[in-house]
Amino acid sequence: MVSRSFCKRREMAAVFPAWIMVTILVLEASLVMGGFQASLKLERRIPLVSHEVELGRLREFDRLRHGRLLQSSGGVVDFPVRGTYDPFLVGLYYTKLQIGSPPKEYYVQIDTGSDVLWIGCNSCNGCPESSGLQIELNLYDPGSSSTSSLVSCSDQRCNAGVQSSDSGCSGQGNQCSYTFQYGDGSGTSGYYVADLLHFSTILEGSMSANSTAPIMFGCSALQTGDLTKSDRAVDGIFGFGQQSLSVISQLSSQGMAPRVFSHCLRGKNGGGGILVFGEILEPNMVYTPLVPSQPHYNLDLRSISVGGQVLSIDPSVFSTSSSQGTIVDSGTTLAYLADEAYDAFVDAITKTVSQTVRPVLSKGNQCYLITSSVTDIFPQVSLNFAGGASLILNPPDYLVQQSSIGGAAVWCIGFQKIQGQGITILGDLVLKDKIIVYDLANQRIGWTDYDCSMSVNVSANLNSGRTEFVNAGQMSNDGSSPYQLQSIIASLLNMIMLAALLFS
């Protein structure tokens with residue numbers, strides 16, 4: 001294909017004037033860059049005399065040109081993912097953000113159970129100084145970023161946050177502030193700042209461009225509880241809720257990202273995974289509606305099946321109210337069942353395997369001594385939602401291996417219960433090894449089983465009405481995508497052909 005096109009261009013060069021050839025090449029370059037209607041100026045800032053151009057310089061040249069073309073176009077935002085669901089290793093998934101001018105890197109936990117992005121600040125009391133995750137922690141310093149600014153109480157964004165209880169004003173200094181308390185008893189408080197978020201945008205053809213957008217986020221001045229511990233410490237929490245102060249909502253309102261995001265959290269081989277602003281496309285996706293007018297990602301759970309048998313649980317146990325319901329929360333390591341459903345679930349599991357394994361209690365948890373594979377012994381579990389969508393859980397999706405005793409492995413029920421409460425929480429134990437799509441525009445959540453070490457196809461419906469289809473996957477630790485290589489090679493081929501035409 002390339003050689004045929006090249007020969008055709010050589011023949012045209014002998015007939016048409018040079019300026020027509022340059023025009024044709026420019027138009028063809030426009031098509032190569034993903035179909036964007038933009039006028040490209042042919043720039044020869046890189047010497048082509050010897051045809052030996054360092055790839056790094058070509059990559060930088062392309063990056064700058066792509067940035068000019070695509071800065072305001074939006075697309076699929078791809079974030080690196082680290083961590084694992086395993087509570088005995090990490091017990092959380094986190095990503096890396098670049099914020100400020102000049103940009104600094106911050107590691108933040110991926111949390112779909114809260115709205116706000118917050119980061120520990122240089123004046124923080126209780127912020128850990130080191131992390132057992134072998135990552136370097138950084139405190140955000142508003143004074144060291146030339147694009148940082150404080151958010152006042154009169155700011156429209158602060159007023160919007162007050163309505164969702166994500167912000168408040170104490171009256172001191174007219175500063176927009178916040179206080180958050182989490183389910184594990186930890187908490188944080190601080191004030192809001194605005195600064196630039198730097199991120200990689202992947203566009204059609206797997207071409208990437210560096211982008212920036214102004215965002216409002218929390219500057220943590222105080223941390224309490226488990227947030228002060230260093231064993232699993234990160235720089236902050238990245239809230240992915242659907243309220244106005246979440247980053248996904250802010251970028252969507254600016255036309256920088258679609259109003260949908262997806263993740264695929266890898267459960268095996270060291271964890272990691274995929275996190276994108278966009279809709280991951282898979283043919284086997286099933287969707288269920290979000291319960292409307294809820295602060296979290298609430299789903300309408302109708303029943304639970306174990307081994308194909310629906311459990312005798314009153315459906316009202318799963319109904320949504322201010323004190324009960326089913327929530328999807330990537331910030332929770334395990335999973336939790338409503339108090340009145342937990343015993344029926346555990347009893348059904350135990351009854352199914354009691355002839356094959358030895359049930360034991362360990363620290364109040366129902367466990368089993370197993371000498372063979374859990375997938376050969378334990379039944380499938382199905383969480384059945386409104387609209388006919390079922391979330392199928394294989395044994396590793398509801399069991400956690402704890403230890404070994406005399407050659408037998410100890411596996412425990414990973415679902416827990418919160419005594420006296422009717423909350424069901426689907427945490428990382430359940431969410432791992434699946435594509436999960438949070439479609440805020442259509443108020444639904446979808447899922448399917450998937451190998452999260454593989455790449456995915458992503459659709460991004462932008463405010464302009466245009467839809468981008470790109471291929472995305474795990475990003476390397478330095479924040480570069482493996483698909484950048486494809487973009488570099490394509491651009492290099494174009495420049496080689498251009499050089500041959502100009503100097504032959």
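Just so it is clear, none of the values below were taken in a lab; they were calculated from the coordinates. A quick note: this is a predicted structure, and the numbers were derived from the prediction, not measured. In this analysis, Cβ positions are derived from the backbone assuming ideal geometry, glycine residues included, and neighbour counts consider all displayed protein chains.
Observations
- Spacing of the modelled spin labels on D141 and N457, each 7 Å from Cα toward Cβ, amounts to 4.8 nm.
- Translational diffusion of the stretch 138-245 was estimated from the Stokes-Einstein equation, with Rh taken as the Kirkwood radius over Cα pairs; at 37 °C and 0.692 mPa s the coefficient is 211 µm²/s.
- Distance from the Cα centroid of the stretch 87-123 to that of the stretch 405-425 is 28 Å (rounded to whole angstrom).
- At R0 = 51 Å, FRET efficiency that the Cβ-Cβ distance of S372 and Q181 yields, to 0.05: 0.70
- Cβ-based charge dipole, the stretch 283-449, positive-most Cα from T332, G422, S316: T332
- Diagonalising the gyration tensor over the Cα atoms of the stretch 292-401 and scaling each eigenvalue by 5 before taking the square root yields semi-axes of 26, 15, 13 Å, largest first.
- When you restrict to C-alpha pairs under 8 Å that are six or more residues apart and normalise by the size of the stretch 283-449, the relative contact order lands at 33 percent.
- Over the stretch 208-315, the hull volume per residue, using the convex hull of the C-alpha atoms, is 241 Å³.
- Under a model in which nothing but the beta-carbon of Lys, Arg (+1) and Asp, Glu (-1) is charged, the stretch 322-430 shows a dipole of about 260 debye around its Cα centre.
- Annotation: the antiparallel percentage among DSSP beta bridges lying fully within the stretch 73-275 is about 85.
- Loop-resident trypsin sites (Lys or Arg not before Pro) (DSSP state other than H, G, I, E or B) in the stretch 251-288 with no more than 10 further Cβ atoms inside 10 Å of their Cβ are absent.
- Binned Cα-Cα distance frequencies in the stretch 73-275 - 5 Å width, integer %: 1, 7, 15, 20, 21, 18, 10, 5, 1, 0, 0
- Each residue of the stretch 179-188 is assigned a 3J(HN,Hα), and the resulting list reads 9, 10, 10, 9, x, 8, x, 7, x, 8 Hz, derived from the Karplus form 6.51 cos²θ - 1.76 cosθ + 1.60 (θ = phi - 60°), x at Gly and Pro.
- Contact order for the stretch 73-275, expressed relative to its length and based on alpha carbon pairs under 8 Å spaced 6+ residues apart, stands at 32 percent.
- Our coupling estimate for the stretch 436-443, obtained by passing each phi through the Karplus curve with A = 6.51, B = -1.76, C = 1.60 and θ = phi - 60°, is 10, 10, 9, 8, 6, 5, 9, 6 Hz, Gly and Pro reported as x.
- Residue pairs, from the table K104/K268; K96/K417; K104/K434; K229/K417, whose Cα atoms sit over 28 Å apart: K104/K268; K96/K417; K104/K434
- Rough spin-label spacing in nm, given labels placed 7 Å along Cα→Cβ, for Q421 and V162: 2.9 nm
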